[in-house]
Amino acid sequence: MKLHLFVLGMTLCAAADLNCDLKDYKQIDGVSAELRGETLEVVWSGERGEQLRAGFIIRNGQPLVSDLEARKNGGKWVVLGKDLTPEFEVTSGKRRLSEQQMAPLRALGIALTPAVVEREKWFAFWDAPLNVPGHQGSNAAVDLPRKPEEIQRAWATFQVTGCQVNSDGARLEANFPGVSLGDEKSFPWLGITILLGMAFLAGQWLAWSELHARGFYVNTNPNSSFVFLLTIAHAVHLAGGMIALLWAGSTSLLHRPVESRRIVVDVAAWYWHFMGVLWIYVFGLLAFAR
């Protein structure tokens, strides 16, 4: 049964209320997609002229195939399944290079540096990363035995609230963003950095208040003007960095797409690095001028 290049994808991201985005969808001969209320209905042709129809819904963040049906030559639809729940389990292990692969590399005079081993191990044919502890032999990996803790398993969890339909030539993609592998666990560096930034801004405000209490204002003298100008500029730059960090933190809390989160974090990191280099230059210039 041919699926006419119909692809159902579930990417690692999240969305808001159910809102199926069809702006990148164009009518394709033999396959169509249409939003009917809370259901995305996809119809395509099989290789023998039969028609197939699938309805996709979202229930409690879980994408479901509400109906899967087929019919011949315009006949009555026959139900193949209802309320089908996708389940994804991913098992991963450690990739290794075998002695059989390393021997030709040595014969070619290629130094087996860590970078070379890291690259070449992905071309391994005789590798069994899930075989613990492994078997010795000419095709075996060079750093056996394997350890049970190398093998990790995770079930996909769903936080789906929307869908995206795209067409590319004869290909139709229905994506349901909001799928991740297990619980995302990470040390809350963003949160700690945001708190430290807020503490610095609060301390800067207290310092300005103390200067005011002692009679130092922006226009008191050139020295006080320069101090206020420098510290205010620093506070403004820091506030800009705080906005970037808050933005990055919100994308993580809202489980935005991994690609979007990476871009936000990269932008925030570049901003902070740039400001760090800039202020090192400013302080160095002041020290040199003194």
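The values are calculated or read from the model by the stated rules, or taken from the named source; none is laboratory data. All of these numbers come straight from a predicted model, not from anything done at the bench. Neighbour counts run over all protein chains shown; Cβ positions are idealised from the backbone, glycine included.
Here are the numbers for this structure:
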{"quantity": "Yes/no for ARG153 being basic (Lys, Arg), part of a strand (DSSP E or B) and at pLDDT 80 or above", "calculated": "yes"}
{"quantity": "All positions within segment 133-150 that are at pLDDT 80 or above and either part of a strand (DSSP E or B) or surrounded by 15 or more Cβ atoms within 10 Å (Cβ to Cβ) (or both)", "calculated": "ARG146"}
{"quantity": "Selected residue [over 30 Å from ASN19 (Cα atoms), at pLDDT below 90 and in a loop (DSSP other than H, G, I, E, B)] from TRP122, TRP126", "calculated": "TRP126"}
{"quantity": "Checking VAL79 against (1) outside any helix (DSSP H, G or I); (2) out of contact with any Asp or Glu (no Cβ under 6 Å at 6 or more places or on another chain); (3) over 30 Å from LEU181 (Cβ atoms), the condition it does not meet", "calculated": "(2)"}
{"quantity": "In segment 179-198, the residues that are of a type outside the set (D, E, K, R), out of contact with any helix residue (DSSP H, G or I) (no Cβ under 8 Å at 6 or more places or on another chain) and modelled with pLDDT under 80", "calculated": "VAL179, SER180, LEU181, GLY182, SER186, PHE187, PRO188, TRP189"}
{"quantity": "Considering residues of segment 221-251 that are surrounded by 15 or more Cβ atoms within 10 Å (Cβ to Cβ) and not hydrophobic (A, V, I, L, M, F, W, C) only, the residue nearest to the chain's Cα centre (by Cα)", "calculated": "THR251"}
{"quantity": "Sole residue being in contact (Cβ under 8 Å) with a residue 24 or more places away in the chain and either assigned by TED's automatic domain parsing to the domain that holds CYS20 or in a helix (DSSP H, G or I) (or both), chosen from SER167, SER209", "calculated": "SER167"}
